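No value in this document is a laboratory result; all are computed from the given coordinates. Worth saying up front: this structure is predicted, and the values here are computed from it rather than measured. FYI the Cβ positions are ideal-geometry reconstructions off the backbone, even for glycines, and counts take in every protein chain you see.
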Amino acid sequence: MADPSGPSWVIARRAVWALVERELIRLVRQPARLVVTIGTPALLWLVVGSGLGDRVLLSGEAVEDDLQIGGHAALLPGAILLMVIFGTVFAAIAQLQDRENGLLQAEAVTPAPRWASEIAKVIAGSVSAMVQAAALLILAAGMRVPMSFGGFVIGVMIAGIAAVFIVGLGLLVARRTGSVASFHSIANITLAPMWLLSGALFPVGTADAWLAFFMRINPMHWAGNTLAWALSAGPAAPISLLLLLASSATILTLLIRTSGRPRPQGTM
C-alpha cells in the first residue's frame, strides 16, 4: 500500500486544490451564473413566502411536532437546496464543456489522478453553496426570520454538506451523458423531482402515505429536514444529518472509484 504522505498523495492534493482555485475563479468571472444561482431561488423564496403569509403549519412525524411559522421561514430550507441544484447544473455543464474542449484528456496524461477534476468541482460547489446560503440567510435575517447565530453557522455548514451530495450526483449523471442537452433532460427527471419531494413545498406529515415513503428515502429530504432543524423551523433531525453525511460520503466514494472507467457507448 502506498504511503499517504508519499509523492502520489502530494500530487493528488496539489492537483485538486489547483483545480478548485480554477473553478472558483471561473465562477467569479461569470457574474450571470452567480445572478441566476442566487437570484432565482431568492426571488422565488421572496414571492412565494410573502404569498403564504405569517402562519404556515408544519406537520411533523407526530401531532405534537406540529408548529406554525412564517412562510419565509418555512420555504428557506427549500430555497437553499434550490440554490445548490442551480450550482450543480452549472458545475455539470462546465464538466461537459471541459470534456468537449479536450481539457479532461489533457488532465488524463498528467500525474494527477483521474478523479481530481470532479472532486475539485465538488469542493468548489460546496464552498459556493456555503457562500450563497450565507447570503440568503443574511437576507432572511434582515426580513426578521427567526434565526440564532448558531443556527446561521450550522445552516451554512449543512448547505455545504448537502452540496457535496447534490453536486456529486450531478457530476455522476454528467459522466453518463454526451451533451449538455442530454444532461438537462436527465436532470429534469432526477434533480427536480428530488427537490419537490424534499419537503421544500409541503411537509412529509401532510403527504399521502405512498408519497411520504418516497420523501423519507430521498436524500434531499434529509438535507432539507436538517436545514429546517438548524434554522429552528422543524423538529430535531439527528438521523437525517447522519443519513446526509453517509450519502455525501457515498457519492464521493463513487466519484473516486469509478473515475477510471470509460463512458459506456450509446449513452445520451
Spacing of the two label points (7 Å from each Cα toward its C-beta) at Val10 and Ala192, in nm: 5.0 nm
Inter-probe distance in nm under a simple model that places probes 7 Å from Cα toward Cβ, at Gln97 and Trp17: 2.7 nm
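So, R0 is 25 Å and r is the distance between the beta-carbons of Leu46 and Ala134; what FRET efficiency does that work out to, to 0.05?
Details: r = 17 Å, r/R0 = 0.69.
That pair, Leu46 with Ala134, gives E of 0.90.
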Counting alpha carbon pairs within less than 8 Å and at least 6 residues apart, what relative contact order, in whole percent, applies to region 120-226? 26 percent
Which order do Ile93, Ile251, Ile85 fall in if you start with the one that has the fewest other Cβ atoms within 10 Å? Ile93, Ile251, Ile85
Starting from the Cα of Val153, move 7 Å in the Cα-to-Cβ direction to define the label point; list residues of region 210-230 whose amide nitrogen is under 16 Å from there. 230
In which sequence would His184, His221 go, from the one with the fewest C-beta neighbours within 10 Å to the one with the most? His184, His221
Projected onto their principal axes, the Cα atoms of region 124-191 stretch, largest extent first, over whole-Å spans of 45, 19, 16
Please arrange Ser248, Ser232, Ser185, Ser128 by counting, for each residue, the other beta carbons lying within 10 Å of its beta carbon, fewest first. Ser185, Ser232, Ser248, Ser128
Calc'd 3J(HN,Hα), region 156-163, phi into Karplus 6.51 cos²θ - 1.76 cosθ + 1.60 (θ = phi - 60°), Hz, glycine/Pro = x, comes to 5, 5, 5, 4, x, 5, 4, 5
Once both labels are modelled 7 Å past Cα along the beta-carbon direction, what's the Arg176-Phe213 spacing in nm? 2.3 nm
Go through region 134-139 residue by residue and turn each phi into a ³J(HN,Hα) via Karplus (6.51, -1.76, 1.60, θ = phi - 60°); whole Hz please, and just put x for glycine and proline. 4, 5, 5, 5, 5, 4
